[in-house]
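A.B. asks: Below is the structure I would like to discuss, written out as structure tokens.
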Amino acid sequence: MSLLEQRAVFESGKRIYERALLSFCGVEGFDVYNCSIPFDWNGKRYLFGRVERRDEWARSWVRLFEETGRDEWTLVRDSMIYTLEDPYVSIIGREVVLGGTSVQYEAGKVSTFFGYFFRGSDLQDLRYFTTGPRRMKDIRLVELADGRIGVFSRPRGEDVKGRYGSESMIGFTVISRLEELTPEVIAQAPYISDIFGPGEWGGVNQAYLLDSGKIGIIGHICYRDRDEDGGELKVYMNMSFVFDPQTRQAADLRLIGTRTCYPPGPAKKPNLADCAFTSGIVLRPDGKADLYSGIGDCQTGRITIDYPFAGYGKLV
């Protein structure tokens, strides 16, 4: 079944219990989008957000925000400013690991980009410790039951398309400690098969250890479409699947959100009007999950959905 057909089936039977736009205080005149998931640290709840003016692109900062109300987040004054895009966090041991994309320029144009990683137990003093492979986004980490660390990669390019048909792949490998996270280890992660079809791409946005030993994946899956005027659309959708690190098999890939699930709003560019770039989920006391996502590359939304890993285990 094509992604278009999967989308039609999903949207005809979707169950969205709540939907909201997040508001951000202390950054007036800027958009905040493509955030990390909310996370608890030292008794407070935070997230990292990409902060950027609406009329600019690839000129963003990552800033720390604290929850100050329902769907309201306020800038943590005097917190560190990272020259990054699209932040994400993992809790590894007793440390927060922050990742994001660093864009480099030559002659005023984007020439390449890398994933940068920071770590520490003090959110005001996270320290850089490694860089990912050239032109690779969406590298994600998850602590496993035995204390080792699962690493998901996301190679994308013409060489991948030529060999596999899809525009990107997802790789997975395991390291024993953060000091082993190097560009070479990430680049050599063996690929997981049967995730994306021809012309599709995507990646892992947040990985969750389940009490079954499997890993629950919240990610994005994408394709190209045309708008009513024939212009190209880059369609980003929220998806989930379950990965078994022992057998290296992926199961139950499903759509869990599309742009139409979130409140209506603008897009940074016309070709991003159908873009929902996933952050991840936060489990609720009622057993449902709040799914967070950047929308239109200029806002952040939240929808409440059914727990996507039912039957495969609970979040550890």
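The values are calculated or read from the model by the stated rules, or taken from the named source; none is laboratory data. Every value quoted in this text rests on a predicted model; they were computed, and no experiment measured them. Neighbour counts run over all protein chains shown; Cβ positions are idealised from the backbone, glycine included. Note: accessible area is taken over every heavy atom of the protein model, side chains too, but ligands, DNA and RNA are not part of it. Shrake-Rupley method; radii C 1.70, N 1.55, O 1.52, S 1.80 Å.
A.B. asks: Using the Cα atoms as the points, what is the convex hull volume per residue of region 77-196 in Å³?
C.D. replies: Working: hull volume 14.8 nm³, N = 120.
Given the Cα convex hull of region 77-196, per-residue volume reads 124 Å³.
A.B. asks: What FRET efficiency comes out for Ser23 versus Glu106 if R0 is 45 angstrom and r is the Cβ-Cβ distance? Round to the nearest 0.05.
C.D. replies: Values: r = 37 Å, r/R0 = 0.82.
It comes to 0.75.
A.B. asks: Rolling a 1.4 Å sphere over the protein heavy atoms, what is the accessible area per residue of region 168-216, to the nearest Å²?
C.D. replies: 38 Å²
A.B. asks: How many angstrom lie between the C-alpha centres of region 64-141 and region 269-294?
C.D. replies: Here the answer is 19 Å between Cα centres.
A.B. asks: Set the Förster distance to 22 Å, then compute FRET efficiency between Arg135 and Gln188 from the Cβ-Cβ distance, nearest 0.05.
C.D. replies: 0.90
A.B. asks: Could you quote the convex hull projected area for region 76-135, Cα atoms only and averaged over all directions, in nm²?
C.D. replies: Details: hull surface 19.5 nm².
Dividing the Cα hull surface by four gives the mean projection, 4.9 nm².
A.B. asks: What number results when the radius of gyration of region 236-277, computed over Cα atoms, is divided by 2.2 N^0.38 Å? Don't skip to the end; give the middle numbers.
C.D. replies: On the way: Rg = 14.4 Å, N = 42, 2.2 N^0.38 = 9.1 Å.
So the Cα radius of gyration is 1.58 times the expected 2.2 N^0.38 Å.
A.B. asks: Provide the gained length on full extension for the span Arg284 to Arg254, in nm with one decimal, where the gain is 0.36 nm per separating residue minus the Cα-Cα distance. Write out the running numbers ahead of the final one.
C.D. replies: On the way: separation 30, 0.36 × 30 = 10.80 nm, distance 2.04 nm.
Extra length available between Arg284 and Arg254 comes to 8.8 nm.
A.B. asks: Same structure, new question: Calculate, in nm to one decimal, what Arg59 and Ala310 gain on full extension: separation in residues at 0.36 nm each, minus their alpha carbon distance.
C.D. replies: Computed gain between Arg59 and Ala310 is 86.4 nm.
A.B. asks: Whenever you get a sec, compute what percent of the accessible area on region 149-277 sits on carbon and sulfur atoms (1.4 Å probe).
C.D. replies: On the way: 2450 of 5310 Å².
Carbon-and-sulfur percentage of accessible area, whole number: 46.
A.B. asks: Can you check what the net charge comes to around Asp138, using other residues whose Cβ is under 9 Å from the Cβ of Asp138 (Lys, Arg +1; Asp, Glu -1)?
C.D. replies: Details: positive: Lys137, Arg140, Arg154, Arg156; negative: Asp86.
Overall, the nearby charge balance is +3.
A.B. asks: Turning to a different aspect of this structure: Quick check: the distance between the Cα centres of region 158-216 and region 5-44, to the nearest angstrom?
C.D. replies: 24 Å
A.B. asks: Starting from the Kirkwood Rh over alpha-carbon pairs, what translational D in µm² s⁻¹ does region 267-314 have by Stokes-Einstein at 10 °C and 1.306 mPa s?
C.D. replies: After rounding, the answer is 135 µm²/s.
A.B. asks: Of the cross-linked pairs Lys234/Lys268; Lys109/Lys268; Lys14/Lys161; Lys14/Lys44; Lys137/Lys288; Lys268/Lys288, which ones have a Cα-Cα span greater than 22 Å in the structure shown?
C.D. replies: Working: Lys234/Lys268 12 Å; Lys109/Lys268 19 Å; Lys14/Lys161 31 Å; Lys14/Lys44 33 Å; Lys137/Lys288 29 Å; Lys268/Lys288 31 Å.
Table pairs above 22 Å Cα-Cα are Lys14/Lys161; Lys14/Lys44; Lys137/Lys288; Lys268/Lys288.
A.B. asks: Now a separate question. Mind computing the radius of gyration and Dmax over the alpha-carbon atoms of region 216-301? Å is fine for both.
C.D. replies: 14.5, 48
A.B. asks: Something else about it: I'd like to check one number: the per residue accessible area of region 2-144, probe 1.4 Å, reported in Å² as a whole number. Please report the intermediate quantities before stating the final value.
C.D. replies: Values: 6990 Å² over 143 residues.
Solvent-accessible surface per residue comes out at 49 Å².
A.B. asks: Separate question: By how many nm would the segment from Tyr128 to Val9 grow when fully extended, if each residue of separation counts as 0.36 nm and the alpha-carbon distance is taken off?
C.D. replies: Details: separation 119, 0.36 × 119 = 42.84 nm, distance 4.35 nm.
Result: 38.5 nm gained on full extension.
A.B. asks: Moving on. Which translational diffusion coefficient, to the nearest whole µm²/s, is obtained for the chain from the Stokes-Einstein equation, given a Kirkwood hydrodynamic radius over C-alpha pairs, 25 °C and 0.890 mPa s? Mind showing how you got there, number by number?
C.D. replies: Working: Rh = 19.7 Å.
Rounded, D is 125 µm²/s.
A.B. asks: Which number comes out as Rg/Rh for region 114-263 once both Rg and the Kirkwood Rh are worked out on C-alpha atoms? Before the final figure, lay out the partial values.
C.D. replies: Numbers: Rg = 16.4 Å, Rh = 16.5 Å.
Over the Cα atoms of region 114-263, Rg/Rh equals 0.99.
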